[in-house]
Amino acid sequence: VERQEFERRLRSLDIDLFDQIVSQTTRRDRRSLLALHNACRDAHGTFGYLEIGSHLGGSLQVLIADDRCTDITSIDLRPQGQPDTRGGAFEYPRNSTERMLGRLRRVPLADLDKLRTIDASTDEVSPADVRRPVQLCLIDGEHTDAAALRDARFCRELIRDSGAIVFHDRELVRGGIREFLSELEPPFRAYELPLSLFVVELGAPRLVESEWVAPLRE
Ligand SMILES: C[S@@+](CC[C@H](N)C(=O)[O-])C[C@H]1O[C@@H](n2cnc3c(N)ncnc32)[C@H](O)[C@@H]1O
């Protein structure tokens, strides 16, 4: 029953699914993330997810509970503060993987066995070391152009020619996104989703025209 209820809420884009753990995303971001999540289920059946920048696990809380997301990798350097395009340093006191795992464990239906955490920056890890199927990536780590570009290149090596890379806070990393797009060969599709997402689908686009994603496009 609990799983049926989860399915129903996921398919109705119920953003209250994000209420278990504080997430640094807006309501409209959450709706778009749920739409992409549903579109991946329809396109791939089951799929793997990787994110860079997890903090408390806010953007992982729905995927950790969905058994059609069979594999999750969370890459987070876990600094106590980080540089940011907005200037100054953003503080992340007591930032730790342990704390995130504690929160995720309390999410109903959560399966932590499918989660692998890597405490590092993407310049310290080789994509070859990930050795997991990945069809959907979220880039939400250090919000500078250089870091977003590095993270996107890393994701591209993982998903190769089939999958989607999603940037959060696109306005803060415009330069990194622009540079990344200039490196791509067709076919790919690039588009914005509310409120602050930028999506790049590599290979034949499988999400953008779906019943989930198409209605949300601005
Ligand atoms: C904006 S928060 C992530 C928010 C999360 N996705 C959510 O929805 O709540 C940014 C995270 O990126 C991590 N981070 C900072 N610099 C990083 C880097 N160079 N590589 C990977 N992660 C980094 C921080 O530790 C922090 O947890």
(Q) List the residue pairs whose Cβ atoms are under 9 Å apart, where the first residue sits in the stretch 99-124 and is more than 11 Å from the ligand (Cβ to nearest atom), the second is open to solvent by 60 Å² or more (accessible area, probe 1.4 Å) and assigned to a helix (DSSP H, G or I), and the two are 6 or more positions apart or on different chains. (A) Pro108/Glu2; Leu109/Glu2; Leu109/Arg3; Leu112/Arg105
(Q) I need the full set of residues from the stretch 50-64 which are aliphatic (A, V, I, L, M) and assigned to a loop (DSSP other than H, G, I, E, B), in order please. (A) Leu56, Leu60, Val62
Q) Can you tell me which residue in the stretch 1-48 is surrounded by the fewest Cβ atoms within 10 Å (Cβ to Cβ), limited to those that are within 13 Å of the chain's Cα centre (by Cα) and in a loop (DSSP other than H, G, I, E, B)? A) Gln24
Q | Leading residue by the ranking (surrounded by the most Cβ atoms within 10 Å (Cβ to Cβ)) among those in the stretch 146-174 that are over 17 Å from the mean Cα position of the chain (by Cα) and farther than 17 Å from Leu197 by Cβ | A | Ala146
Q) Do the conditions hold for Asp71, that is, is it within 16 Å of Ser23 (Cβ to Cβ), among the acidic types (Asp, Glu) and within 17 Å of the chain's Cα centre (by Cα)? A) no
Q. Residue check: is Glu124 open to solvent by 70 Å² or more (accessible area, probe 1.4 Å) and under 30 Å from Gly203 (Cβ atoms)?
A. yes
Q: Hey, could you check the stretch 83-103 for residues that are over 23 Å from Val125 (Cβ atoms) and assigned to a strand (DSSP E or B) and say which is modelled with the lowest pLDDT?
A: Ala89
(Q) Just to be sure I understand, how many residues within the stretch 65-82 are touching a residue at least 40 places away in the same chain (Cβ under 8 Å), within 11 Å of the ligand (Cβ to nearest atom) and either open to solvent by 70 Å² or more (accessible area, probe 1.4 Å) or part of a loop (DSSP other than H, G, I, E, B) (or both)? (A) 3
(Q) Return the residues of the stretch 104-123 that are more than 16 Å from the chain's Cα centre (by Cα) and closer than 14 Å to Leu63 by Cβ; say none if nothing qualifies. (A) Val107, Pro108, Leu109, Ala110, Asp111, Leu112, Asp113
Q: Scan Leu17, Leu34 and give me the residue that is out of contact with any strand residue (DSSP E or B) (no Cβ under 9 Å at 6 or more places or on another chain), modelled with pLDDT of 95 or more, within 16 Å of the ligand (Cβ to nearest atom) and within 16 Å of Val107 (Cα to Cα).
A: Leu17
Q) Within the stretch 55-64, is even one residue open to solvent by less than 10 Å² (accessible area, probe 1.4 Å), away from the ligand (no atom under 15 Å from the Cβ), touching a residue at least 12 places away in the same chain (Cβ under 8 Å) and in contact with a Gly (Cβ under 8 Å, 6 or more places away or on another chain)? A) no
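The values are calculated or read from the model by the stated rules, or taken from the named source; none is laboratory data. For clarity, every value in this text was computed on a predicted model and none was experimentally measured. Cβ: placed from backbone, ideal geometry, glycine included. Neighbour counts: every protein chain shown. These accessible areas exclude ligands, DNA and RNA; they are computed on the full protein's heavy atoms, side chains included. Shrake-Rupley method; radii C 1.70, N 1.55, O 1.52, S 1.80 Å.
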